[in-house]
1. Taking only the alpha-carbon positions of the range B:85-204 and ignoring solvent, what does the Debye formula give for the base-10 log of I(q)/I(0) at q = 0.11, 0.21 Å⁻¹?
2. Rounded to two decimals, what is the ratio between the C-alpha radius of gyration of the range A:127-176 and 2.2 N^0.38 Å?
3. Sorted from largest to smallest, which semi-axis lengths in Å does the alpha carbon gyration tensor of the range A:124-214 give for its equivalent ellipsoid, taking the root of 5 times each eigenvalue?
4. So if I place +1 on the C-beta of Lys and Arg and -1 on the C-beta of Asp and Glu, and nothing else carries charge, what would the dipole magnitude of the range B:103-179 be about its Cα centre? I want it in debye, nearest 20.
5. Can you give me the three principal axis dimensions of the range B:241-319 from its C-alpha atoms, in Å, biggest first?
6. List, in order, the whole-Hz ³J(HN,Hα) value for each residue of the range A:214-222 obtained from phi through the Karplus relation with A = 6.51, B = -1.76, C = 1.60 and θ = phi - 60°; use x for Gly and Pro.
7. Work out the charge dipole of the protein assembly as shown with +1 on the Cβ of Lys and Arg and -1 on the Cβ of Asp and Glu about the Cα centre, then indicate which of A:LEU152, B:MET242, B:PRO232 is farthest towards its positive end.
8. Under a no-solvent Debye model with one identical scatterer per Cα of the range B:179-319, what's log10 I(q)/I(0) at q = 0.10, 0.11, 0.13, 0.15 Å⁻¹?
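Please treat every number below as a calculation from the coordinates, not as lab data. What you are looking at is a predicted structure, and each value in this text was computed from that prediction instead of being measured. Because the Cβ atoms are built from the backbone with ideal geometry, glycine has one as well, and the counts that use them run over all protein chains shown.
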Amino acid sequence: MAVKQETLQPASELQAVRPDGMSKSGAKRIGDLFTHLILATGSIVMVGPFAWMLSSSFKTQYEIYKFPPTLIPESIQWINYLVVFEQTALGRYVGNSMFVSLSVTLGVLLTSSLAGYSFARINFPGRDKIFLMYLGTMMIPGAILLIPSFVLMRTFNWIDTYYALIVPGVVSAWGTFLMRQFMMSIPRELEDAAYIDGATRLRIYWTVILPVSKPVIATLAIFTFMGVWNELLWPVIILRSPEKFTLPMGLAKFQSRFPNRTPWHLIMAASTLSVLPILFLFMAGQKYYVQGIVTTGLKG
Amino acid sequence: MTVSAQVPAPSQPVAATPPRPRWSEMSGLARREAIEGYLFLLPNIIAFFVFLAGPMLAAVYFAFTNYDLTWPPRFTFLENFQVMFNNDLFWQVFGQTFYWAFGMVPATIVLALGLAMMINREMRGVLTYRLVYFIPHVTLSVAASIVWLWVYHPDVGFLNLLLSYVGIDGPQWLLNRRTAMPSLILMGWWKSIGFAMLIFLAGLQGIPAELYEAAVMDGANPRQRFWAITVPMLSPAIFFVMVTSIIGAFQGFDVFYLMTRGGPANATTTMVLHIYNNGFLYLKMGFASAMAMVLFATIMLFTLGQWLYARNWVHGFAD
């Protein structure tokens, strides 16, 4: 499961010096055992709900309500997944979410890299002041913009359209900050050579800066995609037609559609399917994700 | 965002270029460059005015009006605030928002710090642990809510099943006014602990080992080392997590909307859900905006307070 990580180097020196006379390896071994015990117990709590979700998604409805419950299904019901796809619009919701998330992500990458480059490398009056002010906007809680933003979308006639989900989302102060921090560390010599050849600013941005910025682009892409994929409040306010619903909305609707006997086995199959893409994305890009958190949390 | 760097990272100067001249003193070439600079910022500048500054001003205006979307906003001055402050439900919701935020944040920080220190050891499996503890944070809140709804289900739920094994007749969790909020907070810990842990882990790895070695030489015991080295060196990271988590917690919406709809008897209605209900269900846009202003002021006060107090405990807190 663990993806290889260069950023993680445990500080082991704590155990290296032991003035208490106890043998170094012995003390460490007991400590490790104890730590493992606590961490493993905690891990069960953390993955327990997922394990249960996965196991239930393969059960029959009868087995779900069986007492005491089984962790391993008596017989694997692959058909649950088929039923979910055939009898619900899950596939459609996934497609909708994919479209919205990818559009926003591409937009954010473009606008943030342009702005980040400008703040990092181009000289213009008031640059650093504008940058600081722009950073300040990150402190504005999104919840207070809910109503005026909705009214704005209404005047644009964007209610129940994807414009409302995509257009306001394609700029990001945080993304601009991330890009600027990275681009300031790119050696100037790289650009200078292109300048001498007479390249334009836009050309340098596209052929010199962007290619070397791949790590930060990956970081921003993962964060943005996951953020939009998980977003619930804004789509709930904007979208009306069920066929336009994003995955979180569709799943929430799916959950509340059965008032009496809830088909937990199907709901769990749908939930499993909704978690998989994001989990896969996270595991594949874990390194970049962690880098993004470290940049904001510790160097900001 | 001015949490100063504690990690000896490659330093990034704030102003890498010499002071820029005034527009009138600039050469043609410099002007050309400046125009390019603004052009690169154009999408962000437009979006700033259209989607941020504009709505901000509108939000303030709406707060002083009566607005139902059908008729244009009617200016009512302080009426919304008068109604709000005389409304028991508002104060209940306000208090519950604090209950949620302070049930979530301090415990998450303490748990995450302990977790990060345990994981920050040279032993097998640390990467797996880190992944496992982080997974809930990246999970769709809807999927997480569905699973936890089931965990808390009074009859077939996992929690009451466990309790039944030790002979306890478990409560109705989300259906009981007293247990509903604590149940959501417990789930909140599960969901948010990984994020704080990841930041603390990165911070711990930036603490120079020599500090611990010197302390051991001086005969400091583990507890002294924790308070004298770990906490001060980690304080910028703790501060960052604290500020962002409080801001986030005050704006919590997903779990309340998905799991309880604010019930039972409004026992889990918090500010943003209340704003959503008033604005989008009852179409009281003006009243909801006024409430949003109160939420904004609350968040700003807390952030400012933490900022002012930070110089007393955050290591290297400059401004």
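1. -0.49, -1.16
2. Values: Rg = 13.1 Å, N = 50, 2.2 N^0.38 = 9.7 Å.
It is 1.35.
3. Details: eigenvalues 244, 59, 26 Å².
Equivalent ellipsoid semi-axes, largest first: 35, 17, 11 Å.
4. On the way: 5 positive and 3 negative charges, 43 e Å.
That gives a dipole near 200 debye.
5. Principal-axis extents of the range B:241-319 (Cα, largest first): 48, 27, 16 Å.
6. Values, residue by residue: 3, x, 6, 5, 4, 4, 5, 4, 5 Hz.
7. Result: A:LEU152.
8. -0.51, -0.59, -0.75, -0.89
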